[in-house]
1. Could you tell me whether LYS23 is surrounded by fewer than 20 Cβ atoms within 10 Å (Cβ to Cβ) and away from the ligand (no atom under 16 Å from the Cβ)?
2. Would you check which residues across region 31-55 are within 14 Å of the ligand (Cβ to nearest atom), without any contact (Cβ under 8 Å) to a residue 12 or more places away in the chain and in a helix (DSSP H, G or I) and list them?
3. Which helices (runs of 4 or more DSSP H) does region 107-194 wholly contain that include 2 or more residues that are under 15 Å from the mean Cα position of the chain (by Cα), surrounded by 20 or more Cβ atoms within 10 Å (Cβ to Cβ) and not polar (S, T, N, Q)?
4. Considering only residues of region 97-106 that are in a helix (DSSP H, G or I) and within 13 Å of the ligand (Cβ to nearest atom), which is surrounded by the most Cβ atoms within 10 Å (Cβ to Cβ)?
5. Quick one: would you say PHE63 is more than 10 Å from the ligand (Cβ to nearest atom), within 16 Å of LEU11 (Cα to Cα), modelled with pLDDT of 95 or more and surrounded by fewer than 24 Cβ atoms within 10 Å (Cβ to Cβ)?
6. Anything in region 80-121 that is aliphatic (A, V, I, L, M) and closer than 15 Å to SER141 by Cβ? List them, or say none.
7. Which condition from (1) modelled with pLDDT of 95 or more; (2) more than 13 Å from the ligand (Cβ to nearest atom) is the one that GLU157 breaks?
8. Scanning region 123-154 for residues that are more than 19 Å from GLU188 (Cβ to Cβ) and among the hydroxyl-bearing types (Ser, Thr, Tyr), which turns out nearest to the ligand (Cβ to nearest atom)?
Amino acid sequence: MKILYLTLTYLIASIPFGYIIGKIFGKDVTKEGSGNIGATNVARTIGKKAGVLVLTLDMLKGFIPVFLAKNYFFFDDKFVALVAITAVVGHCYSVFMKFKGGKGVATGIGVLLALSPKVALIVILLWAGIFLTTGYVSLASIISAFMSWIMMNYIVENYYYTLAALLASFIIIYKHSSNIERLIKGTEHRFIYK
Ligand code: G3P
């Protein structure tokens with residue numbers, strides 16, 4: 001049962017909504033803008049509505065498996081944390097995208113919302129604060145990802161959830177390597193949507 005649950009979580013989280021919606025609009029988002037399949041690049045290359053749709057769908061594919069594992073199947077914390085990591089891995093290393101995938105921010109927020117709405121809300125506010133003051137989506141994502149496991153540790157005080165948030169933040173920050181390089185060089189673009 002647990003193996004099946006993890007496999008389904010991985011497959012659902014692997015669905016590249018950004019890529020699919022991009023194709024519906026006649027664009028290959030992997031070849032435009034930052035090349036990422038996330039909501040930011042969809043908003044950047046297609047438009048705000050498409051970006052919001054991708055953001056919602058990417059969040060849901062992280063939220064639903066973790067929420068059900070925790071509140072419907074009542075799995076133990078250790079397994080819920082494993083489901084949380086699997087969802088982020090599924091998005092970032094999608095089997096449908098030759099294991100390339102996205103950067104895990106929206107899916108990570110969905111996962112956080114299911115693990116702890118309180119932590120998720122603080123992280124979202126932090127993200128919004130950094131984005132609105134700097135204009136850099138990537139910087140907001142990197143700092144928020146790093147802070148998520150610290151918040152989880154102090155607010156929820158759950159070892160397994162903290163570990164899941166820590167591993168997810170490693171993956172998310174690693175996936176932002178090219179953004180980090182650009183931020184250091186001063187060549188990262190501030191976000192402007194169509
Ligand atoms: O969620 C991804 C975001 O932090 C950066 O996206 O397209 O600017 O690399 P992008």
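1. Judged against the criteria, LYS23 is a match.
2. First pass over region 31-55, keeping only residues within 14 Å of the ligand (Cβ to nearest atom): 31-46, 50-52, 54-55.
If we keep only those that are without any contact (Cβ under 8 Å) to a residue 12 or more places away in the chain as well, we get 31, 35.
Once the filter is applied, which keeps residues that are within 14 Å of the ligand (Cβ to nearest atom), without any contact (Cβ under 8 Å) to a residue 12 or more places away in the chain and in a helix (DSSP H, G or I), region 31-55 yields only LYS31.
3. On the way: elements: 117-134, 137-151, 159-175, 177-185.
Correct list: 117-134, 137-151, 159-175.
4. We begin by selecting, within region 97-106, every residue in a helix (DSSP H, G or I); these are 97, 105-106.
Pick out the ones that are also within 13 Å of the ligand (Cβ to nearest atom) and you get 105-106.
Numbers: VAL105: 30, ALA106: 26.
Checking each candidate, the answer is VAL105.
5. Judged against the criteria, PHE63 is a match.
6. Looking only at region 80-121, we keep the residues that are aliphatic (A, V, I, L, M), and these are 80-85, 87-89, 95, 97, 105-106, 109, 111-115, 119-121.
Across region 80-121, the qualifying residues are VAL88, VAL105, ALA106, ILE109, VAL111, LEU112, ALA120.
7. (1)
8. Filtering first and then ranking leaves SER148.
The values are calculated or read from the model by the stated rules, or taken from the named source; none is laboratory data. Remember, predicted model here, so these are calculated numbers, not experimental data. Every residue, glycine as well, gets a Cβ built from its backbone with ideal geometry; the counts of neighbours run over all protein chains shown.
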